[in-house]
Amino acid sequence: MAERCPMVTVRPSGVRFRALPGQPIMAAGIAAGFRWPTVCGGKGDCRVCFVEVLEHHERLSMPEPAEAQAIRELGGTLGRRLGPVRLACQAGVHGDVVVHKRGVRPRRDNSEGGDRS
Ligand code: FES
């Protein structure tokens with residue numbers, strides 16, 4: 001039997017989409033037809049894509065060193081009230097998760113997300 005694709009729930013909007021096992025959160029959201037805040041387009045450089053993981057951060061891939069460094073720096077910027085923070089363009093989904101991210105919304109066109117220039 002095929003493995004069930006994990007579900008990503010985004011609050012506060014309530015957006016939900018499925019990810020292929022191991023697919024980064026942001027890539028899964030874009031593939032499902034949503035815009036995701038980004039400047040670098042998913043290269044791990046801008047940090048604009050970051051999410052606070054509200055439930056089941058253990059179901060995401062372990063951060064690579066570059067993401068781990070970005071998370072440490074974001075933590076210093078954002079303060080201690082946040083739960084675990086991840087870059088949505090880097091964190092692979094391996095089970096149902098709930099994240100907090102403002103600005104995730106349905107695309108109004110047929111582009112693949114990001115800039116259209
Ligand atoms: S999209 Fe730029 S760091 Fe994730």
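The values are calculated or read from the model by the stated rules, or taken from the named source; none is laboratory data. Bear in mind the structure is a predicted one, so any value in this text is a computation, not a measurement. Don't worry about glycine lacking a Cβ; one is built from the backbone with ideal geometry, like all the others, and counts go over all protein chains shown.
Scanning the stretch 94-113 for residues that are within 15 Å of the ligand (Cβ to nearest atom), small (G, A, S), modelled with pLDDT under 95 and buried (at least 17 other Cβ atoms within 10 Å of the Cβ) turns up at least one hit.
If a residue has to be more than 15 Å from the ligand (Cβ to nearest atom), of a type outside the set (S, T, Y) and in a loop (DSSP other than H, G, I, E, B) to count, how many in the stretch 10-47 make the cut? Here the count works out to 8. Restricted to the stretch 32-58, and to residues there that are among the basic types (K, R) and crowded, with 16+ Cβ neighbours inside 10 Å, the residue that is nearest to R108 (Cα to Cα) is R35.
Could you go through the stretch 77-88 and let me know if any residue there is within 16 Å of the ligand (Cβ to nearest atom) and surrounded by fewer than 14 Cβ atoms within 10 Å (Cβ to Cβ). Yes, the stretch 77-88 contains at least one residue that is within 16 Å of the ligand (Cβ to nearest atom) and surrounded by fewer than 14 Cβ atoms within 10 Å (Cβ to Cβ). Within the stretch 32-57, the set of residues being free of Cβ contacts under 8 Å to residues at least 12 places away in the same chain and touching a strand residue (DSSP E or B) at 6+ places or on another chain (Cβ under 9 Å) is empty.
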